[in-house]
Amino acid sequence: MPRPAGPPLLLLDVDGPLVPYTATPDRTPEGYLTHWVKPASWVARHRDRPPQDVPPLRLWLNPAHGPALLALPYRPVWCTTWQDEANEHLSPLLGLPRLPYVPWPSMHHGDPDGLHWKTRHLVAWAAGRPFAWVDDEVEPQDAEWIAAHHPAPALTLPVDHRVGLRPADFVALARWAEDLSGSVA
Ligand SMILES: [Mg+2]
């Protein structure tokens, strides 16, 4: 199968890599800013109250992450339950443009092989293009399944949801893309 042209996809989970939601609860993690947002999907989770009474969701975002992601030799794509709401609520806070997103036919479903619910969908969506997938929930069985079912190179990069993306993760992503372009050339 010919290798598709262009940089690899960077499939970005939000909660965990960009929002370290289990970091210390009482103070903003170093380098991060606290934001309060009210996406429609968050309001919909509180069916017991009228929308105006739903409290906003607290988010920690590191404003350096947007420019650092854009500096990587990738085509970034939201790969998150936020879907298009990431463009509305997160891209402006991170200094990112609107990004494409992986649409989910369903979310949080069980998988007969114990895969993450995103795995089969994102491989189908990638349609043979090389990708790196950054997620706090990706497991070794996902990486194995992807290696067996995706016809192009793929990197799975687990991120600790207590910490979020670290400088070493950006280095690893840059190296992988360099190796990939070297192997194509
Ligand atoms: Mg996550």
Residues satisfying the stated conditions in segment 1-18, i.e. away from the ligand (no atom under 16 Å from the Cβ) and assigned to a loop (DSSP other than H, G, I, E, B): 1, 2, 3, 4, 5, 6, 7, 8
Residues (small (Gly, Ala, Ser) and at negative phi) located in segment 79-118: 86, 91, 106, 110
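Scan 52, 83 and give me the residue that is in a helix (DSSP H, G or I), out of contact with any Gly (no Cβ under 8 Å at 6 or more places or on another chain), without any contact (Cβ under 8 Å) to a residue 60 or more places away in the chain and not acidic (Asp, Glu).
Exactly one residue qualifies, and that residue is 52.
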Filter result for residue 169 (more than 16 Å from residue 76 (Cβ to Cβ), touching a residue at least 12 places away in the same chain (Cβ under 8 Å) and touching a strand residue (DSSP E or B) at 6+ places or on another chain (Cβ under 7 Å)): no
Those residues of segment 45-63 which are farther than 18 Å from residue 23 by Cα, open to solvent by 50 Å² or more (accessible area, probe 1.4 Å) and of a type outside the set (Lys, Arg), in sequence order: 48, 50, 51, 52, 53, 55, 56
Test: residue 95 is of a type in the set (Gly, Ala, Ser), open to solvent by less than 20 Å² (accessible area, probe 1.4 Å) and closer than 23 Å to residue 177 by Cα: no
Which listed residue, of 28, 22, 81, is within 16 Å of the ligand (Cβ to nearest atom) and open to solvent by 50 Å² or more (accessible area, probe 1.4 Å): 22
For residue 19: the one exception among (1) within 12 Å of the chain's Cα centre (by Cα); (2) in contact (Cβ under 8 Å) with a residue 60 or more places away in the chain; (3) more than 18 Å from residue 163 (Cα to Cα): (3)
Subset of segment 19-43 [under 12 Å from residue 58 (Cα atoms), outside any strand (DSSP E or B) and among the hydrophobic types (A, V, I, L, M, F, W, C)]: 42
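The values are calculated or read from the model by the stated rules, or taken from the named source; none is laboratory data. Keep in mind that this is a model prediction, so the values were computed, not measured. FYI the Cβ positions are ideal-geometry reconstructions off the backbone, even for glycines, and counts take in every protein chain you see. Protein only, heavy atoms only, side chains kept; ligands, DNA and RNA dropped before computing areas. Shrake-Rupley method; radii C 1.70, N 1.55, O 1.52, S 1.80 Å.
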